[in-house]
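See structure below.
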Amino acid sequence: MKLKHIISSKQFEKSFIRSIFEKADQIKSGRYNKNILAGRIMATLFYEPSTRTRFSFESAMQRLGGSVISTENAYQFSSAAKGETIEDTIRIVSSYSDVIVLRHDTLGASQVAASLSKVPVINAGDGNGEHPTQALLDLYTIFSKFKTPDFTVIMIGDLLNGRTIHSLSYLLSLYPKIKIIFVSPKALAIPKTLKSHLIATKIDFTETEDFDFALKKADVIYQTRIQKERFKTKNDYKKYFGRFIIDESTLQKIKPRSIIMHPLPRINEIAPSVDSDPRALYFQQAANGVYIRMALLLYLLGPKNQ
Ligand code: CP
């Protein structure tokens, strides 16, 4: 079944993922029509800050010949500042564009937008919910190094609020031989809904606070930021900030063929001295966002069989 909206990683099947990755490979090698989306308009509607997601979507659309209408900080720079609801904004913007890329601070906002929009809606992050296009570019990056889905991924940090963690976990659960180790303080462990899903899909997963134990087992090290914006008080945030750091001493403990990833932005959880290690893939990971998002825009807006 063809997807109209991209809201959750739970929508993706292996065949869809394969076709997006094949298209991304083709685009990465320069084999694509640079005007194929001429005349099509993408609206990027961002109620929360972004560097990678917004710019890579906008770059993707323009590389395919399409154009972009955009607001960053929509609470300030759109009529949300005058009190307009997200529902009304979506009704309006969907009559001005062919696809809407939405980032919002409220869990489920993209689902609401999709129910009202005349055009496809892409969830570019909904509060502490999901970030499905990030998960696709994460998996694409992982598969560029590990061709067979039989490896151990460790995910570290604020697993309760980290939407990239949630979406990537749902995606990994499609591959039964992949093992996941979640490393976090107990208070920031994965949400119950995700845990239930992993149990139901019989994925081999462990939850621990023992960072060194997990590092030794890891093929893929997926580090994340403590999500400051999701905490009620600064003191709550400070309790967890700086708990799990990857630095030069970590590099001595991990497997020689492991990879280090991060959805970014990073604060202090990966030391800059790690950047030059060949296992550090996070900048390549971010660059892959353009190819994956081009492939997704072609899927949603391109002519058949592109
Ligand atoms: N990875 C990610 O979502 O980054 P931005 O917040 O900069 O878009």
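Every number here is computed from the coordinates shown, using simple stated rules; none is lab data. Just so we're clear, the structure is a prediction, and the values are computed from it rather than from any experiment. Note: ideal-geometry Cβ built from the backbone for every residue, glycine included; neighbour counts use all protein chains shown.
Please state the relative contact order of the stretch 146-280 as a whole percent: Cα pairs under 8 Å, 6+ residues apart? List each step's numbers first, then the result.
On the way: 221 pairs, mean separation 35.6, N = 135.
This gives 26 percent for the stretch 146-280.
What lysines sit close enough to Lys228 to cross-link, taking a C-alpha to C-alpha distance under 18 Å and skipping anything fewer than 8 places away on the same chain?
Result set, ordered by chain and number: Lys186, Lys238, Lys239.
Would you mind pulling out the separation of the Cα centroids of the stretch 145-163 and the stretch 165-208, in Å?
Using only Cα atoms to place each centre, the spacing works out to 9 Å.
Jot down the radius of gyration and Dmax of the stretch 150-274, Cα atoms only, both in angstrom.
Calculated on Cα positions, Rg and Dmax stand at 14.0, 40 Å.
Once the other residues with Cβ under 13 Å from the Cβ of Leu37 are scored (Lys, Arg +1; Asp, Glu -1), what is the net sum? Mind showing how you got there, number by number?
Details: positive: Lys34, Arg40, Arg63, Arg293; negative: Glu58, Asp98.
Every neighbour counted, the sum reads +2.
Of Lys4/Lys216; Lys145/Lys232; Lys10/Lys234; Lys195/Lys304; Lys2/Lys34, which ones are farther than 30 Å apart at the Cα? Walk me through the numbers before you get to the answer.
Details: Lys4/Lys216 41 Å; Lys145/Lys232 39 Å; Lys10/Lys234 33 Å; Lys195/Lys304 37 Å; Lys2/Lys34 24 Å.
Violating the 30 Å limit, Cα to Cα: Lys4/Lys216; Lys145/Lys232; Lys10/Lys234; Lys195/Lys304.
Go through the stretch 212-224 residue by residue and turn each phi into a ³J(HN,Hα) via Karplus (6.51, -1.76, 1.60, θ = phi - 60°); whole Hz please, and just put x for glycine and proline.
Going residue by residue, I get 5, 4, 5, 4, 5, 8, 6, 9, 10, 10, 10, 8, 9 Hz, with x marking Gly and Pro.
How big is the convex hull of the Cα atoms of the chain, per residue, in Å³? Don't skip to the end; give the middle numbers.
Numbers: hull volume 40.4 nm³, N = 306.
Spread over its residues, the Cα hull of the chain gives 132 Å³ apiece.
Just the C-alpha atoms of the stretch 1-98: what Rg/Rh do they give, with Rh taken as the Kirkwood radius?
Over the Cα atoms of the stretch 1-98, Rg/Rh equals 1.01.
Around Arg103, what is the net charge, scoring Lys/Arg as +1 and Asp/Glu as -1 over all other residues with Cβ under 12 Å from its Cβ? Each step should come with its number before you reach the end.
Details: positive: Arg52, Arg54, Arg163; negative: Glu48, Glu72, Asp105, Asp126, Glu130.
Once all neighbours under 12 Å are counted, the net charge is -2.
Taking every Cα atom in the stretch 64-129, find the radius of gyration and the maximum pairwise distance Dmax, and write them in Å.
Both quantities, over Cα of the stretch 64-129: 11.5, 35 Å.
Using the count of nearby Cβ atoms within 10 Å as a rough guide to exposure, how do Arg293, Arg103, Arg54, Arg230 rank from fewest to most? If you can, show how the numbers build up before the last one.
Working: Arg293 29, Arg103 25, Arg54 21, Arg230 17.
So the residues, fewest neighbours to most, are Arg230, Arg54, Arg103, Arg293.
Show me the ranking of peptides 61-69, 26-34 by mean Cβ neighbours inside 10 Å, starting with the highest.
Working: 61-69: 17.9, 26-34: 13.6.
Going by the mean number of other Cβ atoms within 10 Å, highest first, we get 61-69, 26-34.
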